[in-house]
């Protein structure tokens, strides 16, 4: 006579551990996918230059005009436009001409602009550049948390 053997199923404890492992692995993979796509939505400041001009009048004075836009998703509490010209030749190194556009606080999507005469550090009008000269400009925006956004560009001196 043949003996009937009992078949044994997987114990409930082992089944629970297997299902728990599958759930944890699924959770980790979902977290990885969500975390990688959420980095696209990080808070950042970004500056986009819409227009920049440096004109020289018939009297020889130079005027800088710039319009910029906060293209990030974080407000900029201060913005500086630095024209890389030497405003004080008696001091070693380049002393850049710096001005700030208005409004001072630029919210996301908002534009700001400035139109100003380029002066030496003593207040006299700068007349050193020729029509066609190209000068470096850097715009630096600072957010309330201290992070900065920088946008370099160049501008060519034109006749007004």
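Here are a few things to note about the model shown:
- For the stretch 74-160, the strands (runs of 3 or more DSSP E) that sit wholly inside it and include 2 or more residues that are over 17 Å from the mean Cα position of the chain (by Cα) are 97-99, 111-117, 134-142, 148-159.
- Here residue 53 fulfils each of the conditions (1) free of Cβ contacts under 8 Å to residues at least 60 places away in the same chain; (2) in a strand (DSSP E or B) apart from (1).
- Some residue of the stretch 115-135 being in contact with a strand residue (DSSP E or B) (Cβ under 8 Å, 6 or more places away or on another chain) and under 13 Å from residue 48 (Cα atoms): no
FYI, it's all coordinate maths here, none of it is from the lab. All values derive from a computational prediction rather than experimental measurement. Here the Cβ is made from the backbone with ideal geometry for all residues, glycine too, and neighbour counts use every protein chain on show.
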